[in-house]
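What follows is a short report on a single structure.
A short reminder: the numbers here are calculations on the coordinates, not readings from a lab. What you see is a predicted model; the values in this text were computed from it and never measured. Please note: Cβ atoms are built from the backbone with ideal geometry, for glycine as well, and neighbour counts cover all protein chains shown.
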Amino acid sequence: MRRILEESLSYELAGETGDPAEALEISRRLSPDFVLLADEVASDAPALVSELASVLEATVILIAVASAGQTVWLGISAGARGYLLKDRMHGELRTAMDSAQAGGTYVSPPLVHKLVQFLNERFSSYQEGFTTDEIGERLLPREYETLCRLAAGQSTDEIAESMSVATATVRAYVSRVLRKFGLRSRGEAIALAYRSGICAPGQTMSGRHVPPGSPRSGTAAAYADLALTPVPILSGSDRDA
């Protein structure tokens, strides 16, 4: 890990621990550019990821020896910006870091199929009766755009910036989407977007996404790429000046 970070990626390893509580303390004290987390370190990796990402606003990349689609989904839903397989880390860590810095999420290719399979099985009921056109009819243009951006991997702050609105407005749009389709979480909303065909894991979207039949806006905004990756945490790292 240290060799990959310092020699290949020009990052300095700021701290390293096998204890989840200490990982939080190190991240709080040093504010590293990235936190690399191995899923075997924490008995409840999603909770740790959530605290690191939401409370400390850390960019978390999970690393795992192997992982099921549900595990990947839980890690990404908790706020991880990458999910890598350990044996692919040398070739993919730079890509994952670059993707996270650009506002996207990276998942190791072998895990993407598992993730999509899990989504198909877990959320199949949310697609029934909802085509792309039907979703567009239920949602206002800005709600539809918010759903698309959410499914493309953008955070609340990134969506707000892209749409030139306040973060509170984005949260209101998300709440309306959930209410209109009887969903309980953003994860279920993203699954709805995937299964209805609005977008798919790995899809790149550019321009402003509006419901079918809606007039195009002259305002263009780029969507972040979504490419998926797995869950391990080892350490944080500060980028060299």
Worksheet item: Per-residue HN-Hα couplings for the range 81-93, Karplus 6.51 cos²θ - 1.76 cosθ + 1.60 at θ = phi - 60°, whole Hz, x for Gly and Pro?
Response: 9, x, 9, 10, 7, 4, 6, 10, 4, 4, x, 10, 4
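Going by the alpha-carbon gyration tensor, a ≥ b ≥ c the square roots of its eigenvalues, is the range 110-193 rounded (a/c under 1.5) or, if a/c is not under 1.5, prolate (a/b greater than b/c) versus oblate? Write out the running numbers ahead of the final one.
Working: a/c = 2.13, a/b = 1.37, b/c = 1.56.
The shape class here is oblate.
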Worksheet item: Based on the Cβ-Cβ distance from Arg138 to Glu16, what FRET efficiency comes out when R0 is 35 Å, to the nearest 0.05?
Response: 0.10
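Hey, what D do you get for the range 10-95 in µm²/s if you plug the Kirkwood alpha-carbon radius into Stokes-Einstein at 25 °C and 0.890 mPa s? The partial results should precede the final answer.
Details: Rh = 12.9 Å.
Stokes-Einstein gives a translational diffusion coefficient of 190 µm²/s.
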Discussion item. Using amide H atoms built in the peptide plane, which far-off residues or other-chain residues are under 5 Å from Thr59 H to H?
Written reply: Val35
Worksheet, complete the sentence: Exposure-ranked with fewest Cβ neighbours within 10 Å first, Lys114, Lys86, Lys180 stand as Lys180, Lys86, Lys114
Worksheet item: Considering amide H positions built from the backbone, and no H for Pro or chain starts, which residues 5 or more places from Ala38, or on another chain, come under 5 Å of its amide H?
Response: Ile63, Ile233, Leu234
Worksheet item: So who's got an amide H within less than 5 Å of the one on Tyr106, skipping anything under 5 residues away but keeping other chains? H placed 1.01 Å off N, in plane.
Response: Gly82, Tyr83, Ala227, Thr229
Discussion item. Please compute the Kirkwood hydrodynamic radius over the range 58-153, one decimal place, Å, based on all pairs of different Cα atoms.
Written reply: 14.7 Å
